[in-house]
Amino acid sequence: MGDRWRALSTELALAILGMFVGIAALSLLRAASLWPSSSIAGIGLVSGPVITGIAAVGYRFAARHLDASASMPAPSLPRCGHGRALAITLVCIGAAVGGSIVLGALVELLGVPVEEQGSIMEIVGRWHRGEDDGTIVLLGVSAVLLAPLAEEWLFRGLLFTRLLGSSGRATAYVASAIGFALIHANPSGLVVYVWLGLCFAFALERTGRLWPAIAVHMGNNAFAFAALLLGDPQQ
């Protein structure tokens, strides 16, 4: 038990340190005028995935050094065939979307409706009113492409996979899902984000490949993005 807790603490520390490195790196780039100011409309939509991507790079570098110093092989999972991986991906997309809808409805019955982040709703509202300056495109690219790539690499490709070998299956699922939920800073959607994190991790574990987790994440976000665009602008 002690070894598992030490492993969990180490991996969480590496992930958190990676996020701080990402924030610091982006701050330095902004100070050197190599990254747009946060006052520019929509730039925050891209900054989040960039920070997460840098965090994954830092985590990966530190983890490789840690494994090498301990003479440990890099963790890996057995891979299934591409056909089975595709089938699992499609099932997980359905589970992610369907489960999110059901959980959102249940949470709303408890008097805590799941709400999208205010900044995102503001962008969508401007688009519905015909006042959008192109920020809606940045939102789509960030939500459907950049965020899934960066977040899946960090939370499933690194944190989940490494915890699976060092701390056990339950710990890997719970820790990676909660970490994923927390970085979205949306308390009303916490339960939904945890569910999504579990679905993405399941896709990775069952296929042994990262791309199904990314694809499930992309599919879920594409559905959510389409729902925002097609939904009632007054809500």
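Of the residues that make up region 161-183, is at least one of a type in the set (Lys, Arg) and either over 19 Å from Arg79 (Cα atoms) or in contact with a strand residue (DSSP E or B) (Cβ under 9 Å, 6 or more places away or on another chain) (or both)?
The answer is no, given that none of the residues of region 161-183 is of a type in the set (Lys, Arg) and either over 19 Å from Arg79 (Cα atoms) or in contact with a strand residue (DSSP E or B) (Cβ under 9 Å, 6 or more places away or on another chain) (or both).
Given the residues Pro49, Pro75, which is the only one that is under 23 Å from Val144 (Cα atoms) and either at pLDDT below 95 or not in a loop (DSSP other than H, G, I, E, B) (or both)?
None of the others qualify; the one that does is Pro49.
Got a sec? Which of Thr135, Thr89 is out of contact with any His (no Cβ under 6 Å at 6 or more places or on another chain) and within 22 Å of Pro212 (Cβ to Cβ)? Even if it seems obvious, please write down each step before you answer.
On the way: Thr135 fails: within 22 Å of Pro212 (Cβ to Cβ).
Every option except Thr89 fails the conditions.
Among the residues of region 1-14, write down those that are buried (at least 18 other Cβ atoms within 10 Å of the Cβ) and assigned to a loop (DSSP other than H, G, I, E, B).
none
Would you check which residues across region 173-190 are under 19 Å from Gly111 (Cα atoms) and crowded, with 19+ Cβ neighbours inside 10 Å and list them?
The one that is under 19 Å from Gly111 (Cα atoms) and crowded, with 19+ Cβ neighbours inside 10 Å: Gly189.
Out of the residues in region 170-189 that are at pLDDT below 95 and either in a helix (DSSP H, G or I) or touching a Phe, Trp or Tyr at 6+ places or on another chain (Cβ under 6 Å) (or both), state the one that is nearest to Gly94 (Cα to Cα).
Going through the qualifying residues, I end up with Gly189.
Considering each of Leu26, Leu90, Leu17, Leu86 in turn, give the residue that is assigned to a helix (DSSP H, G or I), out of contact with any Asp or Glu (no Cβ under 7 Å at 6 or more places or on another chain), modelled with pLDDT of 90 or more and within 19 Å of Ile178 (Cβ to Cβ).
Leu17
Return the pairs, sorted by first residue and then second, in which the second residue is outside any helix (DSSP H, G or I) and surrounded by 18 or more Cβ atoms within 10 Å (Cβ to Cβ), the first residue lies in region 136-147 and is of a type in the set (A, V, I, L, M, F, W, C), the beta carbons are less than 6 Å apart, and the residues are 6+ apart or on different chains.
From region 136-147, the pairs are Leu138/Gly42.
Please state which of the following conditions Asp132 fails to meet, knowing it meets all the rest: (1) surrounded by 12 or more Cβ atoms within 10 Å (Cβ to Cβ); (2) in contact with a Lys or Arg (Cβ under 9 Å, 6 or more places away or on another chain); (3) closer than 30 Å to Phe202 by Cβ; (4) not hydroxyl-bearing (Ser, Thr, Tyr).
Going through the list (1) surrounded by 12 or more Cβ atoms within 10 Å (Cβ to Cβ); (2) in contact with a Lys or Arg (Cβ under 9 Å, 6 or more places away or on another chain); (3) closer than 30 Å to Phe202 by Cβ; (4) not hydroxyl-bearing (Ser, Thr, Tyr), Asp132 breaks only (3).
Check Gly197, Gly157 and return the single one that is within 28 Å of Leu110 (Cα to Cα) and assigned to a helix (DSSP H, G or I).
On the way: Gly157 fails: within 28 Å of Leu110 (Cα to Cα).
Exactly one of Gly197, Gly157 is within 28 Å of Leu110 (Cα to Cα) and assigned to a helix (DSSP H, G or I), namely Gly197.
Evaluate region 225-234: report whether one residue or more is out of contact with any strand residue (DSSP E or B) (no Cβ under 7 Å at 6 or more places or on another chain), over 19 Å from Val57 (Cβ atoms) and crowded, with 18+ Cβ neighbours inside 10 Å.
So far as region 225-234 goes, yes, one or more of its residues are out of contact with any strand residue (DSSP E or B) (no Cβ under 7 Å at 6 or more places or on another chain), over 19 Å from Val57 (Cβ atoms) and crowded, with 18+ Cβ neighbours inside 10 Å.
Does region 206-222 contain any residue that is part of a helix (DSSP H, G or I), surrounded by fewer than 18 Cβ atoms within 10 Å (Cβ to Cβ), at pLDDT 95 or above and among the small types (Gly, Ala, Ser)?
Yes, there is a match, as at least one residue in region 206-222 is part of a helix (DSSP H, G or I), surrounded by fewer than 18 Cβ atoms within 10 Å (Cβ to Cβ), at pLDDT 95 or above and among the small types (Gly, Ala, Ser).
One residue is enough: does region 119-127 have a residue meeting the conditions assigned to a helix (DSSP H, G or I) and of a type in the set (Gly, Ala, Ser)? Spell out how you get there, then give the answer.
Filtering region 119-127 down to residues assigned to a helix (DSSP H, G or I) leaves 119-127.
With the extra rule that they be of a type in the set (Gly, Ala, Ser), the set shrinks to 119, 125.
There is at least one residue in region 119-127 that is assigned to a helix (DSSP H, G or I) and of a type in the set (Gly, Ala, Ser).
Just to be sure before I move on: is Thr161 among the hydroxyl-bearing types (Ser, Thr, Tyr), buried (at least 21 other Cβ atoms within 10 Å of the Cβ) and either under 24 Å from Ala7 (Cβ atoms) or within 15 Å of the chain's Cα centre (by Cα) (or both) in the structure I sent? Break it down stepwise before answering.
Values: among the hydroxyl-bearing types (Ser, Thr, Tyr): yes; buried (at least 21 other Cβ atoms within 10 Å of the Cβ): yes; either under 24 Å from Ala7 (Cβ atoms) or within 15 Å of the chain's Cα centre (by Cα) (or both): yes.
Considered against the rule, which asks whether it is among the hydroxyl-bearing types (Ser, Thr, Tyr), buried (at least 21 other Cβ atoms within 10 Å of the Cβ) and either under 24 Å from Ala7 (Cβ atoms) or within 15 Å of the chain's Cα centre (by Cα) (or both), Thr161 comes out as yes.
I'm checking my understanding of the structure. Among residues of region 63-90 that are polar (S, T, N, Q) and closer than 21 Å to Glu205 by Cα, which one is surrounded by the most Cβ atoms within 10 Å (Cβ to Cβ)?
Thr89
So Ala150 ticks every box in (1) surrounded by 23 or more Cβ atoms within 10 Å (Cβ to Cβ); (2) over 15 Å from the mean Cα position of the chain (by Cα); (3) within 21 Å of Gly44 (Cα to Cα) but one. Which box is left unticked?
(2)
The values are calculated or read from the model by the stated rules, or taken from the named source; none is laboratory data. What you see is a predicted model; the values in this text were computed from it and never measured. Neighbour counts are summed over all protein chains in view; Cβ atoms, including those assigned to glycine, are modelled from backbone coordinates with ideal geometry.
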